[in-house]
């Protein structure tokens, strides 16, 4: 029962922290910038005219992927692509052709369930550590390390390979690490074992 309560409490903390961070704090970090109305109108018109369907697109696109080309033609296109890549700009576009409700309850429910799945997974590790006699501090550190690992394997990977700007990555890492640090307090306090309680 404590495991279930711990996972639920951790998921609630993550959900509330996410709301506070993205509604109140993220915009002060300048890691996510909104386009001006005129810019948005021009760019949206271009995207709608040139992107056929919902998907993730990148540019400059590799000209040889999925194409049967002669060695000479492949080399020529690769050289052209290399020149465009080095000259820039570079970009990744996450494009949704259809609009979505701003307050879609499905998105909120799904977001909470994602948090819950994550807290269940980390709670399993905390339970095993507690069985070995880990005290509150060690149980909390397990959850914190989970958050640090999540940041490294997601945000830093995107920073390295996808050239996501550093300020955006810092913002995302703050969200993840602080969220798990707070969730860890709830999880570590609730999920205890007889051995851990004697500490």
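General remarks:
- Qualifying positions in the range 62-96 - more than 24 Å from the chain's Cα centre (by Cα) and closer than 22 Å to residue 164 by Cα: 62, 81, 82, 83, 84, 85, 86, 87, 88
- Residue match in the range 157-164 (condition: surrounded by fewer than 16 Cβ atoms within 10 Å (Cβ to Cβ) and in contact (Cβ under 8 Å) with a residue 24 or more places away in the chain): yes
- All of 129, 150, 134, 188 fail the test of being in a helix (DSSP H, G or I) and in contact (Cβ under 8 Å) with a residue 60 or more places away in the chain, apart from 188.
- Residue match in the range 120-136 (condition: loosely packed, with under 11 Cβ neighbours inside 10 Å and at pLDDT 95 or above): no
- Just one residue in the set 114, 120, 145, 109 is touching a residue at least 24 places away in the same chain (Cβ under 8 Å) and in a helix (DSSP H, G or I); that residue is 120.
- Scanning the range 58-73 for residues that are exposed (fewer than 11 other Cβ atoms within 10 Å of the Cβ), under 20 Å from residue 91 (Cα atoms) and at pLDDT 80 or above turns up just one, 61.
- Test: residue in the range 156-176 that is closer than 26 Å to residue 5 by Cβ and either in contact with a strand residue (DSSP E or B) (Cβ under 8 Å, 6 or more places away or on another chain) or outside any loop (DSSP other than H, G, I, E, B) (or both): yes
- Test: residue in the range 149-159 that is closer than 17 Å to residue 11 by Cβ and at pLDDT 95 or above: yes
- For the range 76-103, a residue qualifies if it is touching a helix residue (DSSP H, G or I) at 6+ places or on another chain (Cβ under 9 Å) and loosely packed, with under 11 Cβ neighbours inside 10 Å, and the qualifying residues are 100, 101.
- Residues of the range 13-30 classified as under 22 Å from residue 182 (Cα atoms) and touching a helix residue (DSSP H, G or I) at 6+ places or on another chain (Cβ under 8 Å), total: 9
The values are calculated or read from the model by the stated rules, or taken from the named source; none is laboratory data. This is a predicted model, so every value here is computed, not measured. Ideal geometry is used to build each Cβ from the backbone, glycine not excepted, and the neighbour counts take in all protein chains shown.
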